[in-house]
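Peer 1: Before anything else, here's the structure in question.
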2 protein chains.
Amino acid sequence: MSISSRFSVGIHILALIEINKNGISTSEFLAGSVNTNPAVIRKIIGMLKGAGLVKVQPGIAGAKLAMKLSDITLFDVYKAVNVVQEKELFSVHENPNPDCPVGRNIQETIVPLFEVAQIALEKSLGNVSVEDVVNDIIKKENIS
Amino acid sequence: MSISSRFSVGIHILALIEINKNGISTSEFLAGSVNTNPAVIRKIIGMLKGAGLVKVQPGIAGAKLAMKLSDITLFDVYKAVNVVQEKELFSVHENPNPDCPVGRNIQETIVPLFEVAQIALEKSLGNVSVEDVVNDIIKKENIS
DNA sequence: TAAACTTGTAATAATATTTGTTACAGGTGT
DNA sequence: ACACCTGTAACAAATATTATTACAAGTTTA
């Protein structure tokens, strides 16, 4: 199992809107860069919009950033596109046997430990902004 | 998406082998506590065995611990049951457009950031032993 | 106003993944 | 010989992910 690529696509979209800021970033344009279907892009953009990260309007071509990229962390994107539910990165087997000391306690014991690990992951994502991503792309472009 | 419950089942199995150390932990017994099919347990035990965490032999009933529980961290179990491939917790969309500056750099830019986050998660799992889990279960049992 | 374009969204399909089930070969001990 | 176990493969069922198609409704331009 792995975390949905909606997350990496979301980052891609935000970075490309920025780099294409003098142009119009339609779902078709973005889809051409991500290499997927425009409807997929529109769905993800809808999620980014719901989180207040981009501005889009029905009928009006193009998505714009709604915040400074330096204020958008990877964690914000991760939450926006909803790839992992809160406290549910790890799934725990259901209905262990209540007649067994391990069965009746395992969930309560394990879930907080999993939460700590999930938070460590999310904190790490919070340390990087999409601006950092854009800067890295620009740097890579200039070198090569 | 979420990480396979093989992980939580693996922890459950190890904890129960310990708590049942005076008895015989057959796959059927363990399956009864986890509440799943014995074949599922045997498969997971096979993985734990492959990682050197338990001892089992064909034909001989029962699994035994192969290491001190205090030396087995949740990270060891996590690796053993193979729920997440190395560096692949996050999936990244394939074949972005090489004719776009974002498309041709996004993977190289993002993958290392995802790795850092994954390592933060794994480090957190490494801070807890299965013995800690067992002790917590015992504590909960004594209180109630 | 009509035509050409867009976004938003739903329905559907294709694919992959996870979990459970069944079956049985082969080992062990009585 | 019998009863029991583990190891494993084949299969089925349930779920999740991604892509595709279609179209209503908004906007712009001519």
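The values are calculated or read from the model by the stated rules, or taken from the named source; none is laboratory data. Quantities reported herein were computed from a predicted structural model and do not represent experimental measurements. Every residue, glycine among them, receives a Cβ derived from its backbone with ideal geometry; neighbour counts consider all protein chains shown. All accessible areas refer to the heavy atoms of the entire protein, side chains included, with ligands and DNA or RNA removed. Shrake-Rupley method; radii C 1.70, N 1.55, O 1.52, S 1.80 Å.
Peer 1: For segment B:1-112, please report how many Lys pairs fall under 26 Å Cα to Cα, leaving out neighbours fewer than 8 apart on the same chain.
Peer 2: Eligible lysine pairs with Cα atoms under 26 Å apart amount to 21.
Peer 1: A follow-up question, please. How far is helix A:6-19 tilted, in degrees, relative to the longest principal axis of the Cα atoms in chain A, given as a value from 0 to 90 rounded to the nearest 10?
Peer 2: Around 20 degrees separate the two axes.
Peer 1: Mind checking the dipole of the protein assembly as shown: about its Cα centre, +1 per Lys or Arg Cβ, -1 per Asp or Glu Cβ, Debye to the nearest 20?
Peer 2: Working: 28 positive and 30 negative charges, 64 e Å.
Roughly 300 debye, rounded to the nearest 20.
Peer 1: By how many degrees, 0 to 90 and rounded to 10, does the Cα axis of helix A:38-50 deviate from the longest principal axis of chain A?
Peer 2: 70
Peer 1: If we hang a label 7 Å off Cα along the beta carbon direction at A:Asp71, how far is it from the matching labels on the other copies, in nm, shortest first?
Peer 2: Label-point separations across copies, in nm and ascending: 5.3.
Peer 1: Hey, another quick one. What is the dipole size for segment A:6-143, taken about its Cα centre, with +1 at each Lys and Arg Cβ and -1 at each Asp and Glu Cβ, in debye to the nearest 20?
Peer 2: Numbers: 14 positive and 15 negative charges, 118 e Å.
That gives a dipole near 560 debye.
Peer 1: Find the accessible area per residue for the protein assembly as shown; the probe is 1.4 Å, ligands and nucleic acids are left out, and the unit is Å².
Peer 2: Solvent-accessible surface per residue comes out at 49 Å².
Peer 1: With the contact rule set at Cα under 8 Å and sequence spacing of 6 or more, what percent relative contact order holds for segment B:6-143?
Peer 2: Numbers: 131 pairs, mean separation 38.3, N = 138.
Relative CO of segment B:6-143 lands at 28 percent.
Peer 1: Also, quick follow-up: I need the phi-derived Karplus couplings for segment B:84-96: 6.51 cos²θ - 1.76 cosθ + 1.60, θ = phi - 60°, integer Hz, Gly and Pro marked x.
Peer 2: 9, 6, 4, 6, 10, 5, 9, 8, 10, 4, 8, 6, x
Peer 1: Taking H placed 1.01 Å from N in the peptide plane, check which residues at least 5 places from B:Met67 or on another chain put their amide H under 5 Å from its amide H.
Peer 2: It is none; the list stays empty.
Peer 1: Ignoring everything except DSSP H segments at least 4 long, calculate the 222 nm mean residue ellipticity for chain A; use -39,500 (n - 2.57) per segment, divide by total residues, nearest 500.
Peer 2: Values: 6 runs with 77 residues, N = 144.
Mean residue ellipticity, 222 nm, calculated: -17000 deg cm²/dmol.
Peer 1: Let me ask another. Identify the residues of segment B:80-95 with backbone N under 19 Å of a label point that sits 7 angstrom from the Cα of A:Asn127 along the Cα-to-Cβ direction, or state none.
Peer 2: Answer for segment B:80-95: B:87-90.
Peer 1: Probe radius 1.4 Å, ligands and nucleic acids ignored: give me the carbon and sulfur share of the accessible area of segment B:6-143 as a rounded percent. All intermediate terms of the calculation are to be shown ahead of the outcome.
Peer 2: On the way: 3370 of 6720 Å².
Whole-percent figure for carbon plus sulfur exposure: 50.
Peer 1: Ok, one more. Need the C-alpha centroid separation for segment B:69-98 versus segment A:46-113, integer Å.
Peer 2: Result: 18 Å between the Cα centres.
Peer 1: How far, in nm to one decimal, is A:Lys139 from itself in the other copies if the label point is set 7 angstrom along Cα toward Cβ? Shortest first, please.
Peer 2: Nearest to farthest, the other copies are at 4.3 nm.
Peer 1: Right, something else. Which shape class applies to chain B: rounded if a/c is under 1.5, otherwise prolate when a/b exceeds b/c and oblate if not, where a ≥ b ≥ c are the square roots of the Cα gyration tensor eigenvalues?
Peer 2: Details: a/c = 2.93, a/b = 2.13, b/c = 1.37.
In terms of gyration-tensor shape, prolate.
Peer 1: Moving to a separate point now. Along the positive direction of the dipole of chain B (beta-carbon charges: Lys, Arg +1; Asp, Glu -1; about the Cα centre), which of B:Val54, B:Ile72, B:Gly23 reaches farthest?
Peer 2: Positive-most Cα among the choices belongs to B:Gly23.
Peer 1: Name the long-range amide H neighbours of A:Ile3: under 5 Å, sequence gap of 5 or more, or other chain; modelled H, no Pro or chain starts.
Peer 2: The answer is B:Phe90, B:Ser91.
Peer 1: Ok, one more. Report ³J(HN,Hα) in whole Hz for each residue of segment B:113-122, in order, from the Karplus equation J = 6.51 cos²θ - 1.76 cosθ + 1.60 where θ = phi - 60°; Gly and Pro get x.
Peer 2: My calculation for segment B:113-122 gives 5, 5, 4, 4, 5, 4, 5, 4, 4, 5 Hz in order.
Peer 1: Which value, in debye to the nearest 20, gives the size of the charge dipole of segment A:90-133 about its Cα centre, when Lys and Arg are +1 and Asp and Glu are -1 at the Cβ?
Peer 2: Using Cβ point charges on Lys, Arg, Asp and Glu, segment A:90-133 gives about 160 debye.
Peer 1: May I pose another question? Once the label point is set 7 Å along the Cα-to-beta-carbon vector, what list of distances in nm do you get between B:Gly50 and its counterparts in the other copies?
Peer 2: From this label point to the equivalent ones elsewhere in the assembly: 3.7 nm.
Peer 1: Would you mind counting up the charge near A:Leu74? Only other residues with Cβ under 14 Å from its Cβ, with Lys and Arg at +1 and Asp and Glu at -1. Present the calculation step by step, with values, prior to reporting the outcome.
Peer 2: On the way: positive: A:Arg6, A:Lys79, A:Lys123; negative: A:Asp71, A:Asp76, A:Glu122, A:Glu131, A:Asp132, A:Asp136, B:Glu115.
Every neighbour counted, the sum reads -4.
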